[in-house]
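Heads up: the structure comes next, in structure tokens.
The values are calculated or read from the model by the stated rules, or taken from the named source; none is laboratory data. All values derive from a computational prediction rather than experimental measurement. Glycine gets a Cβ as well: all are built from the backbone with ideal geometry, and neighbour counts include every protein chain shown.
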Amino acid sequence: MADPSRAQAQRKRILDAAQTCFAERGFHGASMAKIAETAQMSPGLIYRYFESKSQIIRSIVELQLEQIADEINHPKHSHQSLAEHMFDDFYTRRRRHEDDRLWMDPGLIMEISAEAARDPVIGVALRRFDETVQARIEDWLRKPQTQGGLGIAEADVPAKALMLRLVIEGLKVRQTRQPDLDPALLRRCLDQLVQPLLG
């Protein structure tokens, strides 16, 4: 009988290696053989867990969704701390959080977005990701402040959730194109943007 904990560890090892390869070589430049080499396992073993690179990408997207949903479900952000959180994420650019969760490189996010238009497996995963994140942010915005939300009026919730996503996604694009952006300028920008956006 297969050991579920070992299988989970093997899948995580493969996803770690794949993310490293995708970030370094791009989606098409990273072969399954290279992923196997980085994971220090045989290609055949990888195929026991994932049928293709598309399946690996889908799993990475789904893990991201779980982690983002968990963070949104336990919000600790006021207007001020949300701006600070965005700022810190831009400049730390950590591949992992302190609890060792998988975290997506900004360049890989852009590559996956482009690939979603060509690959139906990735496209379905990314659409589910977008729909779920939108719904989770909306729930957080409408939740009363006494329950950890912001208490935004219902009529304003969908638009404010979308605006917040656009800001976050725009930061990821800027992170790849201008990683040396002036910290003071970015912080002023976020402080001025987040307050009226969520106020």
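Look through Gly123, Gly149 and report the one residue that is part of a loop (DSSP other than H, G, I, E, B) and surrounded by 13 or more Cβ atoms within 10 Å (Cβ to Cβ).
Gly149
Inside the stretch 24-35, can you point out the residues that are in a helix (DSSP H, G or I) and either in contact with a Phe, Trp or Tyr (Cβ under 7 Å, 6 or more places away or on another chain) or more than 13 Å from Lys12 (Cα to Cα) (or both)?
Those that are in a helix (DSSP H, G or I) and either in contact with a Phe, Trp or Tyr (Cβ under 7 Å, 6 or more places away or on another chain) or more than 13 Å from Lys12 (Cα to Cα) (or both): Glu24, Arg25, Met32, Ala33, Lys34.
Matching residues to (1) under 20 Å from Ile168 (Cβ atoms); (2) at pLDDT 85 or above; (3) buried (at least 16 other Cβ atoms within 10 Å of the Cβ):
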| site | (1), (2), (3) |
| --- | --- |
| Glu51 | no, yes, no |
| Ser54 | no, yes, yes |
| Gln64 | yes, no, yes |
| His74 | yes, no, no |
| Arg95 | yes, no, no |
| Met104 | yes, no, yes |
| Ile109 | yes, no, yes |
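Is one or more of the residues making up the stretch 188-199 surrounded by fewer than 19 Cβ atoms within 10 Å (Cβ to Cβ) and over 17 Å from Ser81 (Cβ atoms)?
Among the residues of the stretch 188-199, not one is surrounded by fewer than 19 Cβ atoms within 10 Å (Cβ to Cβ) and over 17 Å from Ser81 (Cβ atoms), which makes the answer no.
Name the pairs whose Cβ atoms lie under 6 Å apart, with the first residue in the stretch 45-61 and closer than 15 Å to Ser31 by Cβ, the second small (Gly, Ala, Ser) and in a helix (DSSP H, G or I), and 6 or more positions between them or separate chains?
Sorted first by the residue in the stretch 45-61, then by its partner, the pairs are Ile46/Ala36; Ile56/Ala18.
Conditions first: (1) assigned to a loop (DSSP other than H, G, I, E, B); (2) at pLDDT 90 or above; (3) of a type outside the set (D, E, K, R). Val157 passes all but one, so which condition is the exception?
(1)
For the stretch 1-18, which positions are polar (S, T, N, Q), at pLDDT 85 or above and either in contact with a Lys or Arg (Cβ under 8 Å, 6 or more places away or on another chain) or more than 17 Å from Glu51 (Cβ to Cβ) (or both)?
Gln8
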